[in-house]
1. Name every residue in the stretch 1-12 that is open to solvent by 70 Å² or more (accessible area, probe 1.4 Å) and either in contact with a strand residue (DSSP E or B) (Cβ under 9 Å, 6 or more places away or on another chain) or at pLDDT 90 or above (or both), in order of residue number.
2. So for the stretch 63-70 (the condition being under 12 Å from the mean Cα position of the chain (by Cα), among the aromatic types (Phe, Trp, Tyr) and at pLDDT 95 or above), does at least one residue qualify?
3. Do we have ASP77 as in a loop (DSSP other than H, G, I, E, B) and either farther than 19 Å from TRP104 by Cα or open to solvent by 50 Å² or more (accessible area, probe 1.4 Å) (or both) here?
4. How many of the residues in the stretch 90-111 are closer than 15 Å to GLN52 by Cα and part of a loop (DSSP other than H, G, I, E, B)?
5. Restricting attention to the stretch 90-111, and to residues there that are among the aliphatic types (A, V, I, L, M) and within 18 Å of GLY31 (Cβ to Cβ), which single residue is most open to solvent (accessible area, probe 1.4 Å)?
6. Name the residues in the stretch 33-44 that are free of Cβ contacts under 8 Å to residues at least 60 places away in the same chain and under 10 Å from the mean Cα position of the chain (by Cα), would you?
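The values are calculated or read from the model by the stated rules, or taken from the named source; none is laboratory data. Keep in mind that this is a model prediction, so the values were computed, not measured. Neighbour counts are summed over all protein chains in view; Cβ atoms, including those assigned to glycine, are modelled from backbone coordinates with ideal geometry. Note: accessible area is taken over every heavy atom of the protein model, side chains too, but ligands, DNA and RNA are not part of it. Shrake-Rupley method; radii C 1.70, N 1.55, O 1.52, S 1.80 Å.
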Amino acid sequence: MLVGANAVDGNAATRWGSAYTDPQWITVDLGASHSINRVRLNWEAAFARAYQVQTSPDNSTWTTVFSTTSGDGGVDDLTVTGTGRYVRVYGTQRALSPYGYSLWDLNVYGT
C-alpha cells in the first residue's frame, strides 16, 4: 500500500466527512509519482451515489481512472489503471442529501 505522509491518522475510529454540498473531494498526496492499480473506499453511512477516482501529477490536472453513478456505500474495492502523485475521490452526488460524504478509509495501492 502506498502511504502519503499525511494521508492517515492511524485511528480506525475516525473518518473524513465533507461539507453538506456537491461537489466535494478528498485528495491524498502520495509524495511521489506512482503507478496505481487499486483504490479501496470504506464508506460510512453517508456515501456517494456518483463519484470519480482521479489521479494527477501536479494536483491541478486530473485524469479519471474510475467513475460511477450507482454507488451503494459499504466497501468499494476498485481495480484502476493510472499514474500520479495525487489521488482524489471526487463526489458529485450524495446518496443522503442532507449530509456530506463520509469515508472511514481511503486506501491506494500500486508501485
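1. Here is the first cut: in the stretch 1-12, the residues open to solvent by 70 Å² or more (accessible area, probe 1.4 Å) are 1, 3, 5-6, 8-12.
Passing the criteria: MET1, VAL3, ALA5, ASN6, VAL8, ALA12.
2. Pass one, the stretch 63-70, residues under 12 Å from the mean Cα position of the chain (by Cα): 64-67.
Those left that are additionally among the aromatic types (Phe, Trp, Tyr): 66.
Checking the rest, the ones that are also at pLDDT 95 or above come to 66.
Yes, that holds for at least one residue.
3. Working: in a loop (DSSP other than H, G, I, E, B): no; either farther than 19 Å from TRP104 by Cα or open to solvent by 50 Å² or more (accessible area, probe 1.4 Å) (or both): yes.
It is false that ASP77 is in a loop (DSSP other than H, G, I, E, B) and either farther than 19 Å from TRP104 by Cα or open to solvent by 50 Å² or more (accessible area, probe 1.4 Å) (or both).
4. The number of residues fulfilling the criteria is 2.
5. Of all residues in the stretch 90-111, those among the aliphatic types (A, V, I, L, M) come to 95-96, 103, 106, 108.
Imposing the further condition that a residue be within 18 Å of GLY31 (Cβ to Cβ) reduces the set to 106, 108.
Details: LEU106: 33, VAL108: 5 Å².
Checking each candidate, the answer is LEU106.
6. Applying the first criterion (free of Cβ contacts under 8 Å to residues at least 60 places away in the same chain) to the stretch 33-44 yields 33.
Scanning the stretch 33-44 gives no hits.
For every residue, the table says whether it meets (1) over 24 Å from GLY110 (Cβ atoms); (2) exposed (fewer than 15 other Cβ atoms within 10 Å of the Cβ); (3) in contact (Cβ under 8 Å) with a residue 24 or more places away in the chain.
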residue: ILE26; (1), (2), (3): no, no, yes
residue: GLY31; (1), (2), (3): no, yes, yes
residue: ALA46; (1), (2), (3): yes, no, yes
residue: PHE66; (1), (2), (3): no, no, yes
residue: GLY73; (1), (2), (3): yes, no, yes
residue: GLY82; (1), (2), (3): no, no, yes
